[in-house]
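Data first, discussion second: the structure below is written as structure tokens.
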2 protein chains.
Amino acid sequence: MTAPAAIREKHDGAMGAHGNVRLWLRLLTCATVIEKRIKRRFADRFGVTLPRFDVMAALDRHPEGMTMGQLSQALLVSNGNVTGVVQTLARDRYVSIAPSPTDGRASIVRLTQQGRECFAGLADAHHDWIDAMLAGLSRDQRTALYDLLGALKHSLAADTGKEDA
Amino acid sequence: MTAPAAIREKHDGAMGAHGNVRLWLRLLTCATVIEKRIKRRFADRFGVTLPRFDVMAALDRHPEGMTMGQLSQALLVSNGNVTGVVQTLARDRYVSIAPSPTDGRASIVRLTQQGRECFAGLADAHHDWIDAMLAGLSRDQRTALYDLLGALKHSLAADTGKEDA
DNA sequence: GCCTAAAATTTTAAGCTTGAAATATCATAT
DNA sequence: ATATGATATTTCAAGCTTAAAATTTTAGGC
């Protein structure tokens, strides 16, 4: 077996001694590599984009349906964005859009039967891919990484960005 | 002082017991939050987009200039992408595009004086923002996180994606 | 010189993303 | 009833992203 090719770091060799920036770039690189790999595999093997998968995943957990605004909040993306993704999903018959019976402004989006079946396959593959990509880490390493990322999340929540700078 | 608001995790509450997927979603959330925050601040305070900053950062480390292909490789994005970003950067006089003296196919992109000055301010702010966002982690935590992400990088390099799936 | 394969780049089409402006509806106070 | 402000959504313009096709140039082989 040949040694696997090392993954190049974005801005490799840059930033000199700024350890924090290097940490951030390494984090970004890992996230980007995983995301692009999943995106590529979804496209190649299922003909599905990542945003569509995200919408379907959210809807799968809410069989009663979700409004556009709820989807926007759950996925951390803008309202206008959801409109476009849901429209193509509806065009391809993966979701249905129905007017809300209680609120004339809102629409209720639901997975169709076809959408549910499609998503089941996507979720299985997704799960397997993640497992394989993390296989090089021990159980302890994964736990430690999960906890440290939790600490980072806290640190991010504490940084309001209001420093005058 | 009020407690900072917790950061919602993408697909919060989803995925049940699949620890690996949860680890991935937490990693993705951290990267996304940091990236969006930087993007927003660059836009608000400097009127610059992240891709343009990335190109300027690469060029700043290569005063001799880079070809489109080198930029594409360094930034892990497609060729066609670089073309567009560099063109708007050139339109705004931050970079110059000159034909290569040795290869008629290639162009050489360089930061202009205006580009260098602009980038210096961007890099300073960028550095400060990262420091502030990581301030909640101890030195040991940052070292541990950096090392674990290094292990993850190795794990990613080992996963070829050739499993039949 | 001429042909061909490889390399660097640009162009194109489709889709994602955002923020801001525009629409439509709801809820409430008069 | 009607005016007001808030809410849900859509539309729009600008920019990023990719893959694939087209273009241009290089480098060799004949």
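The values are calculated or read from the model by the stated rules, or taken from the named source; none is laboratory data. Predicted, not measured: the structure shown is a model, and the values here were computed from it. Here the Cβ is made from the backbone with ideal geometry for all residues, glycine too, and neighbour counts use every protein chain on show. Protein only, heavy atoms only, side chains kept; ligands, DNA and RNA dropped before computing areas. Shrake-Rupley method; radii C 1.70, N 1.55, O 1.52, S 1.80 Å.
Some points to look at:
- Residue ranges of helices (runs of 4 or more DSSP H) in the stretch A:53-165 with at least 3 members closer than 30 Å to B:Arg142 by Cα: A:113-133, A:139-158
- Tabulated pairs, the stretch A:71-84, first more than 11 Å from every other protein chain (Cβ to nearest Cβ), second open to solvent by 50 Å² or more (accessible area, probe 1.4 Å) and within 7 Å of DNA strand C (Cβ to nearest atom), C-beta under 8 angstrom, 6+ apart or interchain: A:Ser72/A:Ser78; A:Ser72/A:Asn79; A:Ser72/A:Asn81; A:Asn81/A:Pro51
- Candidate set: the stretch B:36-89, residues that are of a type in the set (D, E, K, R) and within 13 Å of DNA strand C (Cβ to nearest atom); chosen: the one surrounded by the fewest Cβ atoms within 10 Å (Cβ to Cβ): B:Asp44
- Residue satisfying all of: in the stretch B:35-89; of a type in the set (Val, Ile, Thr) and under 22 Å from B:Ala125 (Cβ atoms); farthest from DNA strand D (Cβ to nearest atom) among these: B:Ile38
- Number of residues in the stretch A:124-152 that are open to solvent by 30 Å² or more (accessible area, probe 1.4 Å) and either more than 7 Å from every other protein chain (Cβ to nearest Cβ) or touching a Cys at 6+ places or on another chain (Cβ under 6 Å) (or both): the value is 6.
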